[in-house]
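Take a look at the structure set out below.
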Amino acid sequence: MKDVFDMVTDVRSLVNVPVLTSTINGKVYPNLRPDGRTDFADLVVNGLSITNTQQQIGSGNVNGYVPTITKDGVRVPDQARLSAMGKSIITLIDNQYHDTFRVFVDGGAVPMRDTDGSYFVNVPFKYHSIQDNYQI
């Protein structure tokens, strides 16, 4: 049986690759982004839930954070970087079929603002895995 931590590890392995990590100056974190990272472009893979059935179904998010930019003296989200990051995340995780799991994007990339004032793009996903030790 897989749990949320296993699911996050599987999905994190899909985005923690040079094609995406070379575009950020931060890190790829499991579950939570540490405080004080507003000046860094980071990725966070979090899991929301996973069932305990033979066909396990889970859900979570990949969040791509980018620093704000200053435009006309005001700090605003960097729309171009958020859009590019969202597209890259979708390309890497959508319709992925592996030996022990599958991942599908569950909606488009949505820009959001975090409680610390930083901006990120949220990409929700669905996760499927077959338990090989399931007993009725």
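The values are calculated or read from the model by the stated rules, or taken from the named source; none is laboratory data. Just so it is clear, the structure is predicted and the values come from calculations on it, not from any experiment. Cβ sites come from the backbone with ideal geometry, for glycine too, and all protein chains shown count toward neighbours.
Only one entry in Phe5, Phe40 is surrounded by fewer than 19 Cβ atoms within 10 Å (Cβ to Cβ), over 15 Å from Ser129 (Cα atoms) and among the aromatic types (Phe, Trp, Tyr), namely Phe40. Does Arg102 satisfy the condition of being under 15 Å from Thr9 (Cα atoms), under 18 Å from the mean Cα position of the chain (by Cα) and modelled with pLDDT of 95 or more? Spelling it out, Arg102 is indeed under 15 Å from Thr9 (Cα atoms), under 18 Å from the mean Cα position of the chain (by Cα) and modelled with pLDDT of 95 or more. The number of residues in region 123-136 that are under 25 Å from Pro34 (Cβ atoms) and surrounded by fewer than 20 Cβ atoms within 10 Å (Cβ to Cβ) comes to 1.
Gly107 passes every criterion in (1) at pLDDT 95 or above; (2) in contact with a Pro (Cβ under 7 Å, 6 or more places away or on another chain) apart from (1).
Filtered by the rule that a residue be loosely packed, with under 12 Cβ neighbours inside 10 Å, free of Cβ contacts under 8 Å to residues at least 12 places away in the same chain and part of a strand (DSSP E or B), region 48-74 gives Thr70, Lys71, Val74. Only residues that are without any contact (Cβ under 8 Å) to a residue 40 or more places away in the chain and either hydrophobic (A, V, I, L, M, F, W, C) or out of contact with any Asp or Glu (no Cβ under 7 Å at 6 or more places or on another chain) (or both) were counted across region 25-43, and they come to 10. Between Ile130, Ile69, Ile89, the distinction of being in contact with an Asp or Glu (Cβ under 6 Å, 6 or more places away or on another chain) and among the β-branched types (Val, Ile, Thr) belongs to Ile69 only.
If a residue must be in a loop (DSSP other than H, G, I, E, B) and under 30 Å from Gln55 (Cα atoms), how many such residues does region 99-116 contain? Residues meeting the conditions: 7. Please verify whether region 86-98 includes one or more residues that are exposed (fewer than 12 other Cβ atoms within 10 Å of the Cβ) and in a loop (DSSP other than H, G, I, E, B). Yes.
Please tell me if Arg113 is farther than 21 Å from Thr21 by Cα, in contact with a His (Cβ under 6 Å, 6 or more places away or on another chain) and touching a residue at least 12 places away in the same chain (Cβ under 8 Å). In short, no. Taking the numbered list (1) of a type outside the set (Val, Ile, Thr); (2) modelled with pLDDT of 95 or more; (3) closer than 22 Å to Val17 by Cα in turn, Gln79 passes all entries but (3).
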